[in-house]
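Written out below as C-alpha cells is the structure these notes cover.
What follows is calculated from the coordinates using simple rules that are stated; it is not laboratory data. On a predicted model such as this, the values are computed, not experimentally measured, just so you know. As a convention, Cβ positions derive from the backbone with ideal geometry for all residues, glycine included, and neighbour counts pool all protein chains shown.
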Amino acid sequence: MNVDSPRKAYLKTLVARPDIPSCPKGYMHCVEMCMGAKKLENIGRYYYFCKAPPGQARCIAHGVHWFPMHSPERQEELRALLKAFGEKAAAKLLRRSSSTLAAKPRPISLPVASSPLPRSSPLPRSSSPLPALGSSRFSSLQAMPAHPDVKKTVKIYIYVEKNDDALEIEGLLEHSTYYFIEDDTFCELTDFPDASWVIYDPVKKSFIGISTFSLQKIYGSDDFLVVRPDSFTDRDCPGIDALLSHFADYIRPGSQKRKRSHTDDGGKSSWKGKRRAI
C-alpha cells in the first residue's frame with residue numbers, strides 16, 4: 001500500500017472515517033477519500049468498493065458506494081484549510097531551500113590524472129569567447145523555456161464483471177506515464193498483478209496483456225485506458241464499441257508515414273509518394 005500524500009493525510013484528520021459495512025459475500029471492502037480534484041463538491045467525501053475477484057458479482061450494484069456530500073459551508077471550510085496547509089508546507093519548503101542555498105559549499109577535490117594527456121590529444125577549445133556577465137548573450141543562455149501544463153490524471157475504464165458497465169477511476173500520472181503496479185485503487189479493484197488483465201492497444205486495434213511492471217504513456221489530453229479480464233470478449237462488455245470508437249482514427253505518436261488517399265471507385269487507396277525503381 002502506498003502512503004497517502006501529505007495533503008490527503010491532513011484532510012483525513014479533518015473528516016472522520018465512516019463505518020464501512022461488511023460484504024455479505026465475504027469479499028473485502030476498500031475505502032478511500034476523494035480530494036475533490038475532479039468534482040469540487042466531492043472534497044472530503046468517503047467512498048468504498050467491493051473487491052470481488054475478476055468475473056464475480058460484487059455486492060454493490062454500481063461498483064462504488066459514495067457517502068453523502070458535505071454541506072456547501074463545510075466544503076468551503078475544507079478547501080480553505082487544505083489551501084492553508086499547502087501554503088504552509090510550501091513556505092516551509094522554500095525556507096529549507098533558501099537555507100541550503102545560503103550554506104557555504106564545500107570545496108570539491110578533483111582526482112589527479114596519473115599521467116598527462118599526450119600532446120597529440122589536446123583539450124578541445126571553443127572557437128568563440130564566452131559571453132560576459134550581464135550581456136544579452138549571457139541572458140539568453142540563462143533563460144529557460146516555460147514548462148507547459150501536463151496532464152496529471154488519466155481516466156481508466158475497467159470491466160470487472162461480465163455484462164456490467166465499466167467502472168471509471170482516475171489514475172495518477174508521473175511524467176505523463178501511468179504505472180499499473182503503483183496504483184493501489186486499480187490493484188485492489190482488479191486483484192492485479194495476481195489476476196490476468198488486458199488493455200486495449202489503439203495502434204494494434206486489439207487487447208493485449210498487461211505484465212506486472214507495465215506502464216502506459218499518455219500522449220493526448222483526451223486519451224483514456226480501457227481494461228478488462230483476459231477471459232472477457234466484446235460480448236461481455238456493454239458499451240465497449242462506443243468506448244473504442246474514440247480510437248478509430250488513432251495515429252501512432254511520432255509516426256512519419258504518408259497518409260493514403262481514397263479514390264471514388266470502391267474505396268481503394270493508393271500511395272501519393274513515388275515508388276522506388278527496381
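Can you give me the distance in nm between label points at Asp201 and Arg7, each placed 7 Å from the Cα along the Cα-to-Cβ direction?
In this crude spin-label approximation the distance works out to 3.6 nm.
Please give, to one decimal in nm, the separation of the simple spin-label points placed at Val15 and Ser71, each 7 Å out from Cα toward the Cβ.
Placing both labels 7 Å beyond Cα along the Cβ direction yields 1.6 nm.
Run the numbers on the stretch 153-247 and let me know its relative contact order in percent, using alpha-carbon pairs under 8 Å that are six or more apart. Please list the in-between numbers first.
Numbers: 147 pairs, mean separation 33.6, N = 95.
Across the stretch 153-247, relative contact order equals 35 percent.
Can you flag which of Lys25/Lys217; Lys83/Lys151; Lys155/Lys204; Lys12/Lys155; Lys12/Lys151 are past 27 Å Cα-Cα?
Lys25/Lys217
List the residues of the stretch 214-233 whose backbone N lies under 16 Å from a point placed 7 Å from the Cα of Asp191 along the Cα-to-Cβ direction.
228-232
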